[in-house]
Each structure stands twice: as structure tokens, then as C-alpha cells.
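The values are calculated or read from the model by the stated rules, or taken from the named source; none is laboratory data. Note that the coordinates shown come from a computational prediction; the quantities given were computed from them, not determined experimentally. Reconstructed Cβ throughout: ideal geometry from the backbone, glycine too, with neighbour counts over all protein chains shown. The area values use the complete protein model at the heavy-atom level, side chains included, leaving out ligands, DNA and RNA. Shrake-Rupley method; radii C 1.70, N 1.55, O 1.52, S 1.80 Å.
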Amino acid sequence: MMKEKNTQPPSNLEERAFSFQVINRCNCCQREILELNDGGQVALDWLEDGCPANAPIVIILPGLTGDSQSQYVRCLSLSANRMKLRTVVFNYRGLGGMSLKTPRTYNAANFEDLSEVVRHVKSLHPGIPVAATGISMGGLVLGNYLASQKMAAQKTLVAAMVISTPWNAFKAMDSLEKPVLNLLLNRYLTSGFFSFINRVKSSNMLQGPWTMEDLLKCKTVREFDSSYTAKQFGYKDVNDYYADASIHEKLHKIEVPILCLSARDDPFQPYEGNCSVCLEN
């Protein structure tokens, strides 16, 4: 597939301020549009500046409503680039400036799109080591892929890393609903959902067993997942979705070497909510 220059501007003032000193270093970022099996599209943003042709590749999965222009993703990409590692950011459906081509969006438990991205990257670069890194919700997507696709993952990825991942979605939501700072963060994240819905609804592809009126009443991530995510993806309820998305009891199924990084005071995942294997090590 053809790659084109990624000239998409940063999405908010904070990221523009950050971009002041690094935007020129990212002008070689190439965007690739990947057509998915069901007719959907995702954007893959490559950073290969100064890297040898045989340099290892790291697939980066952003957090909840993040994309390649998010500050933490740019920092990670640039850090890897300084180490002569090629990176490709997997922007989820409807993110990274892309419009929806199908009614389907994304969630923390669904890894079908990631499976296609991994196979595509590997087919473009046979013989080159490929690893993956997931941040926050991206860590859940990656963790569920690794745990469910053990053999396929072993054949395509040499290593993985998850950062600030809410291993236990129930504990994570409980933590995010504690006043005052955690709850403020929760509401900020929920506003990101509204921005996403407003951005993609003009495509007329966004449809499902929910109403905009119900979504606009949501004040927390759990309420949004209950009103939208669980219904959109056919779960019985939000608890059914969180049980499927959580990976704290799936780590033993992962065969690919994986590094797990979490802060002890991470509001997304309190220490007591981490998987038992992580606590033991």
C-alpha cells in the first residue's frame, strides 16, 4: 500500500505546545490506510526516519481515545526512533482523522483489527522482528490479543509491553469514580467519548441499539460503556463487557515475552487490582 506524508495537525492546544519542538522531526511520518476485511479502514502512521532497512518495528496502540498525535504516543515514537527502532501507530477506527466506513468502532476486548494490523505489518516486512506496545486501553486490546491468539502471536511478535493498563476493568472503574481528582479525570475521559461520537456521526455510519439522548446523559466512563459500548458490541450489560475486557486472569495464557509497567498510584489501576502474577513479581 502507498504511504503518504502525515500532515494532520495536533488535535488540541496542549499537544500543539508539545509539538513546537518536535513537529519538524516528525515531518517524515508516513500514513498508510489499511483496508480491513469487513470494509472498515484504519490509519497506520509510520516513523522510520534515520532507521536502517532492517530495523525492528514496534506497533503502538494508544489509549482510550488517543491517536498518533497524542502527546504520550508522540513521545514514545520519538524515543523509539532515537534508538533506531521503527514505529507504526495503529489508530483505531474513526480516530487519527479517519472517518468511519462501517458502523463498527472499537473496544478494549476486541482485537480483530489488531490481528489484521499485525499480519499486515509482518507481511510487509518478513524476517524483521516486530514487537507491540499498548498504553492504557491499548494494553487491554494487546493483552487480549496475546492471550487469545497464542500461536499466531508467537509467530508474529517477538515481544510486547503494556503501560498503565487497567488489568481489572471493574477495579479500574471503581478507582476512577472516587472523588475528587479521579472523578474529574473520569469525566474528562467521558468528554473524549462525546468528541469522538460528534466527530464520526456525520458519516451516517454510527448506528446501533442506543440513542444520542442516552449517551449525552453519561457522566462517567462506566455510564458510557453501559449506554454505548456494551450495546454496540452485543454484550448482555456493562459487567459482561468488563469481564471480557479484563486481562488480570489471562496473563498465564500469554506466550510472547511481555513487560508490564504500572505505577503503584495509577488511577486507572489501583495496586490491589493488578493481577496476582504481577504482584508476585
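Structure summary
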{"quantity": "Pairs where the first residue, in region 230-254, is under 26 Å from LYS155 (Cβ atoms) and touching a residue at least 60 places away in the same chain (Cβ under 8 Å) and the second is β-branched (Val, Ile, Thr) and open to solvent by 30 Å² or more (accessible area, probe 1.4 Å), C-beta under 7 Å, 6+ apart", "calculated": "LEU251/VAL277"}
{"quantity": "Hits in region 229-250 (condition: surrounded by fewer than 19 Cβ atoms within 10 Å (Cβ to Cβ) and closer than 23 Å to MET151 by Cβ)", "calculated": "ASP244, GLU249, LYS250"}
{"quantity": "Region 209-223: number of residues that are open to solvent by 50 Å² or more (accessible area, probe 1.4 Å) and assigned to a loop (DSSP other than H, G, I, E, B)", "calculated": "4"}
{"quantity": "Every residue from region 18-52 that is surrounded by fewer than 13 Cβ atoms within 10 Å (Cβ to Cβ), modelled with pLDDT of 95 or more and more than 14 Å from ARG82 (Cα to Cα)", "calculated": "ASN37, ASP38, GLY39"}
{"quantity": "Per-region count, region 97-114, residues under 23 Å from PHE268 (Cα atoms) and open to solvent by less than 30 Å² (accessible area, probe 1.4 Å)", "calculated": "5"}
{"quantity": "Residue among MET161, MET151 that is out of contact with any Gly (no Cβ under 7 Å at 6 or more places or on another chain), open to solvent by 30 Å² or more (accessible area, probe 1.4 Å) and closer than 15 Å to THR87 by Cβ", "calculated": "MET161"}
{"quantity": "Whichever residue in region 175-185 is part of a helix (DSSP H, G or I) and touching a residue at least 40 places away in the same chain (Cβ under 8 Å) and, among such residues, is surrounded by the fewest Cβ atoms within 10 Å (Cβ to Cβ)", "calculated": "LEU181"}
{"quantity": "Any hit, region 82-92, residues being more than 15 Å from GLN41 (Cα to Cα), under 19 Å from the mean Cα position of the chain (by Cα), not hydrophobic (A, V, I, L, M, F, W, C) and not in a loop (DSSP other than H, G, I, E, B)", "calculated": "yes"}
{"quantity": "Failed criterion for GLY143 (all others in (1) open to solvent by 10 Å² or more (accessible area, probe 1.4 Å); (2) within 23 Å of SER68 (Cα to Cα); (3) in contact with a helix residue (DSSP H, G or I) (Cβ under 8 Å, 6 or more places away or on another chain) hold)", "calculated": "(1)"}
{"quantity": "Selection within region 57-74 - open to solvent by 50 Å² or more (accessible area, probe 1.4 Å) and under 17 Å from MET161 (Cα atoms)", "calculated": "TYR72"}
{"quantity": "Tally, over region 224-238, of residues that are touching a Phe, Trp or Tyr at 6+ places or on another chain (Cβ under 8 Å) and either closer than 10 Å to PHE193 by Cβ or assigned to a helix (DSSP H, G or I) (or both)", "calculated": "8"}
